[in-house]
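Coordinate-derived values only; no laboratory data. Bear in mind that the values here come from a model prediction, so they are computed numbers and not experimental data. Here the Cβ positions follow ideal geometry from the backbone for every residue, glycine too, while neighbour counts run over all protein chains shown.
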Amino acid sequence: MNFPEKYQFRLKQIQENHLIFCFIRKKWLHLTPEEWVRQHVIQYLIHTGNFSSSAINSEVIVEINGLKKRADIIVYQKEKPFLIVECKSPIVQISQETFDQIARYNFQLKSNYLMVTNGLQHYYCQMDYENEQYIFLKNLPGFSISEN
């Protein structure tokens, strides 16, 4: 993983199932490659971004054209979405399709910032609603992480 710190996780194995404890959802989850990335991002947001864990939600249902989708991570400030994060497995290349997915979520949520990551590459965008575009950033404001 390409994050500025080594994070501590609660892991366990029950028979063939590897599990990780999600501090946000307060439950044990199957440790998939995407979940490994999601849990790293959560720790990154708490430790590097200094966000309170109470401001972070994971696997948030977003309704799009009558379909229920799940945003990986949403960080709230003053009860409004501030940052949406889309996590992919480390073996998944970040593509235009990934940006289209998070853009669909943001059409409903109206967040200021977007982050797309596979744990190895991280992309950050600031929304420019006036010009209907997103502006790519090297980092989120106040954050520090390895470059793409």
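Its Cα gyration tensor gives the chain an equivalent ellipsoid, and the semi-axes of that ellipsoid, as √(5λ) in whole Å with the largest first, are 24, 17, 15. Highest mean first, the peptides 27-39, 53-65 sorted by other C-beta atoms within 10 Å per residue fall in the order 27-39, 53-65.
Extending 7 Å from the Cα toward the beta-carbon at both residue 21 and residue 50 defines two label points whose distance is 2.7 nm. Taken one residue at a time, the phi angles of the range 90-102 give Karplus couplings (6.51, -1.76, 1.60, θ = phi - 60°) of x, 8, 8, 6, 6, 9, 4, 4, 5, 5, 5, 4, 5 Hz. Gly and Pro are set to x.
Stretched out straight at 0.36 nm per residue, the stretch from residue 28 to residue 6 would grow longer than its current Cα-Cα span by 5.9 nm. Cβ-to-Cβ counts within 10 Å put 125, 87 in ascending order as 125, 87, the fewest first. In this structure, the pairs whose alpha-carbon distance is over 28 Å, taken from 6/78; 26/68; 26/88; 26/138; 68/110, are 6/78; 26/138.
When shorter helices are ignored and each DSSP H run of at least 4 residues is given -39500 (n - 2.57), the per-residue value for the chain at 222 nm works out to -6500 deg cm²/dmol.
Packing, as the average of other Cβ atoms within 10 Å across residues, places the peptides 105-115, 67-77, 91-101 in the order 105-115, 67-77, 91-101, highest first.
Less than 14 Å Cβ to Cβ from residue 32, Lys/Arg counted +1 and Asp/Glu -1: what total charge do the surrounding residues give? It works out to a net charge of -2.
Simple point charges give the picture: +1 on the Cβ of Lys and Arg, -1 on the Cβ of Asp and Glu, and for the chain a dipole about the Cα centre of about 580 debye. Normalising the average separation of contacting C-alpha pairs (under 8 angstrom, six or more residues apart) by the number of residues puts the relative contact order of the chain at 19 percent. Between residue 99 and residue 67, the simple label model (points 7 Å from Cα in the Cβ direction) yields a spacing of 2.1 nm.
Comparing 94, 28, 73 along the charge dipole axis of the range 11-137, the residue lying farthest to the positive side is 28, per the Cβ-charge model.
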